[in-house]
Structure formats: C-alpha cells, structure tokens
Amino acid sequence: MPGAPSSEPASVEEPTGPREPLPPKPDQQAPEAVSPTGSPTGAPANARAQSGQYLTTAQGLRLADTDHSLKAGSRGPTLLQDHHLREKITHFDHERIPERVVHARGAGAHGVFRSYGTASKVTKAGFLAADVETPVFVRFSTVLGSRGSADTVRDTRGFSTKFYTDEGTYDLVGNNIPVFFIQDGIKFPDIVHAAKPHPDREIPQAQSAHDTFWDFVSLHTEAQAHTLWNMSDRGIPRSYRTMEGFGVHTFRLVNADGETTLVKFHWKPKQGVHSLVWEEAQIINGMDPDFHRRDLADAIEAGAYPQWELGIQAFPDTEDQMFEGIDLLDPTKFVPEELAPVQPIGLMTLNANPTNYFAETEQIAFHPGHLVPGIDVTNDPLLQVRLFSYLDTQISRLGGPNFAQLPINRPHAPVNDMLRDGMHQTAVHSGVAPYHPNSLDGGCPFMAGQDVGAFVEVPEEIAEAIKERRNPASFDDHYSQARLFFRSMTPVEQDHIIQAYTFELGKCYEAAVRERQLMALANIDAGLCEAVAKGLGMPVPGATVDVPDSEPSPALSQLGGTWPVAGRVVGIVADAGSDLSLVAAAREALESEGIVPLLVAPVGGHLRADDGPALTVQRTYLTARSTEFDALVLVGGASPAPDAMPGRDAKAGEPGATVDPRVVLMASEAFRHGKAIGAWGSGASCLDAAGIPQDAPGIVAGDDPGAVIPALQELLSTHRAWERFPAAGTSA
Ligand code: HDE
C-alpha cells in the first residue's frame, strides 16, 4: 500500500529516539572501592561523587544560588569574598589534565574475559586456568592525534586491556599492527617527534602524510615494515570492533613447574577484520569525527557486544630465541600464522559502556610491567624501555604516584603495599611500620612464597657480555617482512597500498624525502616502487639491498572470508511514495539478523501508510551520508515535497518525480566504496540517476523485494563487492 505523507504536526522525536539506560551490572562497573589499606569508614568508591538532593559546595554546604556572583550592587564590581564563585571557577580552571603524549584519543568499554584453560599447560597465571571469568576494561586509541582529533585517520590503533585478576592487575598494552617502527626504545622520542605535527605551525593534525614523518622513516629503514602496514587497509579500520590486536613483543610464559615458553599474543575479532576505504575515511572525518567511538558505544548499548578471542603463538624458549630464522626479540618482525598457528586461549566480551569518560577512559593507566605470576617479559629492547616509560608518564599525566588509587585503576586483588603519602593520597594508612622487616606491626605484611609471588625472575644465563650500544646482526634485515606483507596482499589490497603511498608522499614538499622513500620501496617490491613513482611523476630507482624472499602468508589478507553480519548498519532510503509495508518487512528481516536498519527519508518525522503503522524517520537526506551505512536499500529517493521544505526548488519536489541529488550522492558513494546496494520500485531509478548499472557486482535490483534482503545479507558477509575495485597498479 503506497504511503501518504503524515498529516501529524512535525515530530519532536530525536532521529534515533532516546535510549533506555542499561540496568547497572555490578561486575561491569569500575572496580569497587578497595582502599589500598582498607577503608576505615567503609565508604563506597564513589563517596566523592554526587549524593543528597541539594546542590552543595565541595565542603557539603547547601547552596541557595549558583547563578549570580556576589556583587556590590547589581551593577557593581564582584566581591572577592564570594567563596562559592571562586571555588566553582578555580575547579573549572583545573578540569583538564595533560593528554597522553601518544594515544591521546581513545574510547573504552568494560567487559569480561573467560579463559578456555588451554594455556594452563604453559602458564600458571590464574586467570588463564580453565573457565575463569575476569573483569576487563579495554581502551582503543589512535596514536598521533590530539584528544579532540578525528577517529578515522590513517594511523596505528592502540588496543589495551586491563585484566582485574584475583592475583593482581595484568595489562596487555598492544596495537592493531603486530610490528613496530623501531627496535630500540631509545628511538621512541625520535619517531614520535617526526610523526607529530610540525613544531612551527603545529600541522598536520593526526596524520603521517607530511615531510618529517617520511624523512624519518626513509632514513631509518627499520620503520619500513610498520609503515607498510599503516599504508595498507589496516591503517583505517572500519571499527574498533573489527580490528585484530597484537601484543607485538615476545613474552615469556612460566608454568607451575617453572617451564618457560615464548609467546606472541593475538586478539581475533569475532566480528571479522574489516577496514574502511580511503575516501570513505576522509569523508567520515568531516561528517562524524567520533565515528569509531560512537560505533563502539552504540553497538554495546544495542546489545551487539563485540567479542575477541585471545590467542597465542607459542615458541620454544631456546637460547638464541629465534624461530624459523625470525629473531623473536626484534619487534619489527612478526611470525606468519602459517609457521606458528594462533591457539585460542579465551574469549573477551565488551558489554558495558563507561559511566564517565574522564573517570574511566581518560584516567585509566596501563603499563606493560603490570604482570601476574606466569607471564614475564623478554629482553626485547623496545619492551625493556616501555617498562620504564609507562610508570613515569602516569606520574605527570595523573599528577603523582598514587594513580593506582583511582577507581578505574584499583586492583580487584587486595592491596597491602608500603608505598606512602604523595600527591592525591586518598588512603588513611594505619600502623607505624611501613618498612620491611619490622617487628612493630607484627611483621606485617608478609612476603609471598616464590611459587606464588610475582616478578620472580626466570633464571636466565646472561652470556659474557661487554657494555655496548649496538643491535644484534639479526636486527639488520629491514625489508624482507615488508616484502612478505606486500606480496601476501590480494591485488585490490595492493592497489590500496599503492594509492596510500602515492597520497602520503604526494603531500611531502621535499623531493629528497620522496626520492629516499622510493629507494626504500624499491627494496621492498619493484612493482610497488614503480607504481608509486609513476603516481608521483618521479624516476624509478633500483634496489640497493639484496632482500631474501619468503613464502607469502595468506592469513595477512583481509579479503576472501565471510563474517557475521550482526551489528552492521543498513540505510533504507524511502519516501512518501514508497510501499511502506515492504519497507517495514525489510526492516524486520534485517533486524532479525541483528543488522541495524536506519530509515532515511526526505525530511524528519514519520512516513505513514493510509492503513499501516507510522515508520519513524531516523535520518534525513540532510543528516545522512553513505559512510554511515555498510549497505543501502533504495526504495524511494524523491526530493522532499515543496511544502515540507519551504524555500527549496519546488519543481524538484514532486514526490517520485525527481531523484534527490543527495540520494544520488549517497548511492554513487556507496557504489564507489564497494558497498552492497539493493533496490526495488522507484529505488531502481536512483541507480540509473547515479549511473550504476543494475548488473554490476554487489547490486541486487529487482521486482521481488523478498529476494533483495537475503541477497544483500550475503553480500554484507563479504564486507564489500571487491570486484568493483581496481587491481594493483591499474588505477595509478
Ligand atoms: Fe606506548 N606509550 N610506547 N607503545 N602505548 C604510551 O603511556 C612508549 C609502544 C601503546 O590506552 C604512553 O599512558 C614507549 C609499543 C598503547 O592508555 C607512553 C615506547 C606499543 C598506548 C608510551 C612505546 C605501544 C601507549 C603514553 C617505545 C604496542 C595507550 C600514555 C619503547 C605494543 C595506552 C601512556 C592507553 C601509550 C611509551 C612503544 C602501545 C608515553 C617509550 C611497541 C596502546 O608511556
């Protein structure tokens, strides 16, 4: 039954409707108050948060007025004696804390980790024993941008997990890329200074497409492998939910018998690994700079809880710490999954959004040295420097050494330390003998036995050594894994890499920088170098290094699989002339698969059929953009009726007569970005208006709406219609 415009007055509903707050789940909240020495008053963790009915000062005095400062007469000067004014303004003046020097912009969530027990042969860590559930908080982040920068920039993403285990807090502070720019932590300020905005004008924000970054990585060729991963689709994830995570370094696990195993940690998203395409990422940065943050929070609020499986690659703890010719201490190298499969050891589910961004996501403090018995570090020279840096940085960021007392950082295990006083000390310690050994406090606290204590060093023989500033020779190969990565990509992914290098180097002003980077590319892959040089209009240099070839690793490609469709977003474009009973049926069919359908119409309010229910419009042509959707269903597309949009071109407003240019843009962008598009009825004319052939890959147009939605779902499971993208080199 064709719909008729609603005769109701303009709706006051929000586009997506207000959301019901979720009921509090105690085990998903910030850790309960466990005062480092036990709270003498038994006050809850949020004792300093708001309570009582009345507005008060910080000292708890009820206030009668917070809107007017105290003045000498209503037009007179403000009086210094107004304590409430001074307290309010002073507190406001100090509301901000320094942002993180890297990874400033992030988004977080609470969740749980349930272990499978499969790791208990190799580690005695209690939270990895069979079927143990541990609360977690995860913070995802970009690296380069400031706290207020955009989400979908080309960058590495942080993936940090805090496990509140019964044995104390364990942090796995990883990235979405398994290799790093540098081999020795002493280079970290150099790479960060080079990648951050230029110090004179402080531009560009949150980008690597500038001279100083490429100057550094072309001079410091160990950075080439990580840079190649950044130039691939991994640098622009579709969502935090669709990223892999990696511990990067090799860690050492210790089991109950004291036996050791070297491991690399992997997080595998149940949602699949999926990225944006570059133009899409750029549009989103303008349309919705909070895209990733919103996506994570919305999914959790909608009950589509993202999940990752934690896995390990395990290697024998040999004297040389090499595996298949790969130095396990070199953080610029990864181990292909074909050589060492990732063995699942547990499942993480993120199921609650933070209550307060500042208290939780901003104040959380991670540290690779927060380890539990059974997990130990190795001599990776990058990791060794991180062990120093993270504690140090929290002291300036969180204003002193007591940041572990902040609710989000409080361990769930009992804390009984001898650390005392300092800025922001909130514990009231009792006793007189915070030293060891003592006899005055009954000798307490006691020492744990070697079998259960943390930081029990695995006896490791250090070869007779001299003090020196030098890398081992095995760190000298800077190109073979970059080549391995590039050659493991499908032609479409290779083309994206070529485009990314051409874009980034095209933004560099210095010819010498571009030339030097082309020389590095020549050592990675001659075809890659040639295609980028062609795009830049520069000569093609030859290789200068003899680089060994390795077997490609198909596991590195993001294409070729099928993935769950739950949580994906589909825009349904309809108008007053659409058959709304079919629109409602399409919505229901999508929802039954956990897909989120959003109704897009010319203007807000409702679309209402004569004898059917009113459908709430969730996006209008003005507020919608293709980038919000993983697929489109076109069943309308007419411009708004002239009386609905006063001042607009009346001729274009005849329902069904003209395809609105914003719908044409939506369809053509979705097509360019490889998204599935379904259409029936007048929606088919949108395809024509956008110049989209109805028989193109990923297009499901037809007279049978019942067939369109299932076909669309199948296409969604492959993420994009990859056939629409050019193969390597062909688009340069
Ligand atoms: Fe970090 N890094 N990093 N990093 N890093 C920080 O700590 C540092 C490195 C990573 O969500 C800082 O609390 C050094 C590798 C993540 O709060 C700081 C070196 C990997 C986060 C710091 C590295 C990471 C950080 C800044 C070289 C992947 C965000 C704020 C030796 C395995 C954590 C802070 C969050 C944050 C130093 C290298 C991941 C300054 C010196 C390799 C995900 O301490």
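The values are calculated or read from the model by the stated rules, or taken from the named source; none is laboratory data. All of these numbers come straight from a predicted model, not from anything done at the bench. Here the Cβ positions follow ideal geometry from the backbone for every residue, glycine too, while neighbour counts run over all protein chains shown.
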- Those residues of region 79-94 which are exposed (fewer than 12 other Cβ atoms within 10 Å of the Cβ) and not hydrophobic (A, V, I, L, M, F, W, C), in sequence order: GLN81, THR90, HIS91, ASP93, HIS94
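Looking at PRO36, PRO40, PRO21, which one is at pLDDT below 95 and closer than 30 Å to ILE300 by Cα?
PRO21
The rows are residues; the columns are (1) under 14 Å from LEU253 (Cβ atoms); (2) at pLDDT 95 or above; (3) assigned to a strand (DSSP E or B); (4) away from the ligand (no atom under 16 Å from the Cβ).
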residue	(1), (2), (3), (4)
VAL102	no, yes, no, no
ALA109	no, yes, yes, no
THR123	yes, yes, no, yes
VAL136	no, yes, yes, no
SER141	no, yes, yes, no
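If you check VAL153 against the conditions, is it crowded, with 22+ Cβ neighbours inside 10 Å and near the ligand (Cβ under 9 Å from one of its atoms)?
no
Do you know which residues across region 264-283 are part of a loop (DSSP other than H, G, I, E, B) and within 16 Å of the ligand (Cβ to nearest atom)? Step through it out loud before you land on a result.
As a first pass, look at region 264-283 and keep what is part of a loop (DSSP other than H, G, I, E, B): 270-274, 276-277.
Those that are part of a loop (DSSP other than H, G, I, E, B) and within 16 Å of the ligand (Cβ to nearest atom): none in region 264-283.
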- Task: Any residue in region 236-251 that's over 30 Å from GLN321 (Cα atoms): show its pairings with residues that are among the hydroxyl-bearing types (Ser, Thr, Tyr) and not in a strand (DSSP E or B) at Cβ separation under 8 Å, as long as the two are six or more apart or on different chains.
- Result: ILE236/THR152
- Message: It is to be established whether one or more residues within region 123-135 are in contact with a strand residue (DSSP E or B) (Cβ under 6 Å, 6 or more places away or on another chain), under 27 Å from SER208 (Cβ atoms) and buried (at least 18 other Cβ atoms within 10 Å of the Cβ).
- Response: no
- Query: Is there any pair with a first residue in region 136-162 that is touching a residue at least 12 places away in the same chain (Cβ under 8 Å) and closer than 21 Å to ASN351 by Cα and a second that is among the basic types (Lys, Arg) and in a loop (DSSP other than H, G, I, E, B) whose Cβ atoms are under 7 Å apart and which are 6 or more apart or on different chains, and what are they?
  - Reply: SER141/ARG105
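A quick yes/no check of all residues on (1) of a type outside the set (Val, Ile, Thr); (2) touching a residue at least 12 places away in the same chain (Cβ under 8 Å):
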residue: ALA465; (1), (2): yes, no
residue: ARG487; (1), (2): yes, yes
residue: THR490; (1), (2): no, yes
residue: ILE497; (1), (2): no, yes
residue: CYS508; (1), (2): yes, yes
residue: GLY537; (1), (2): yes, no
residue: PRO541; (1), (2): yes, yes
residue: VAL545; (1), (2): no, yes
- Message: So, ALA624, is that one surrounded by 21 or more Cβ atoms within 10 Å (Cβ to Cβ), part of a loop (DSSP other than H, G, I, E, B) and at pLDDT 95 or above or not?
- Response: yes
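Restricting to helices (runs of 4 or more DSSP H) lying wholly in region 170-263: which have 1 or more residues that are assigned by TED's automatic domain parsing to the domain that holds ALA404 and within 13 Å of the ligand (Cβ to nearest atom)? Steps first, please.
Details: elements: 188-195, 211-219, 224-231.
Ranges flagged: 188-195, 224-231.
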- Query: Taking region 294-313, which residues are farther than 12 Å from ARG241 by Cβ and surrounded by 19 or more Cβ atoms within 10 Å (Cβ to Cβ)?
  - Reply: LEU310, GLY311, ILE312, GLN313
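Residues checked against (1) in a loop (DSSP other than H, G, I, E, B); (2) among the hydrophobic types (A, V, I, L, M, F, W, C); (3) more than 22 Å from ASP290 (Cα to Cα):
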{"position": "LEU599", "(1), (2), (3)": "no, yes, no"}
{"position": "VAL603", "(1), (2), (3)": "yes, yes, yes"}
{"position": "LEU607", "(1), (2), (3)": "no, yes, yes"}
{"position": "GLY612", "(1), (2), (3)": "yes, no, yes"}
{"position": "LEU615", "(1), (2), (3)": "no, yes, yes"}
{"position": "LEU632", "(1), (2), (3)": "no, yes, no"}
- Message: For GLN481, only one of the following conditions fails: (1) surrounded by 11 or more Cβ atoms within 10 Å (Cβ to Cβ); (2) away from the ligand (no atom under 16 Å from the Cβ). What is its number?
- Response: (2)
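Quickly run through region 192-211 and pick out the residues that are of a type in the set (A, V, I, L, M) and either surrounded by 20 or more Cβ atoms within 10 Å (Cβ to Cβ) or at positive phi (or both). Spell out how you get there, then give the answer.
Here is the first cut: in region 192-211, the ones of a type in the set (A, V, I, L, M) are 192, 194-195, 203, 206, 209.
Within region 192-211, ALA194, ALA195, ALA206 qualify.
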- Any idea which of (1) in contact (Cβ under 8 Å) with a residue 40 or more places away in the chain; (2) closer than 22 Å to PHE140 by Cα; (3) more than 16 Å from the ligand (Cβ to nearest atom) is the one GLY303 doesn't satisfy? (1)
- Could you list all residues from region 306-337 that are within 16 Å of the ligand (Cβ to nearest atom), assigned to a loop (DSSP other than H, G, I, E, B) and touching a helix residue (DSSP H, G or I) at 6+ places or on another chain (Cβ under 6 Å)? ASP330, PRO331, THR332, LYS333
- Item | Residues located in region 379-422, provided they are within 13 Å of the ligand (Cβ to nearest atom), closer than 30 Å to THR260 by Cβ and assigned to a loop (DSSP other than H, G, I, E, B) | ASP380
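Quick check on my filter: what residues within region 338-357 are part of a loop (DSSP other than H, G, I, E, B) and either touching a strand residue (DSSP E or B) at 6+ places or on another chain (Cβ under 9 Å) or in contact (Cβ under 8 Å) with a residue 60 or more places away in the chain (or both)?
Let us first name the residues in region 338-357 that are part of a loop (DSSP other than H, G, I, E, B), namely 338-342, 353-356.
Scanning region 338-357 gives GLU338, LEU339, ALA340, PRO341, VAL342, ASN353, PRO354, THR355.
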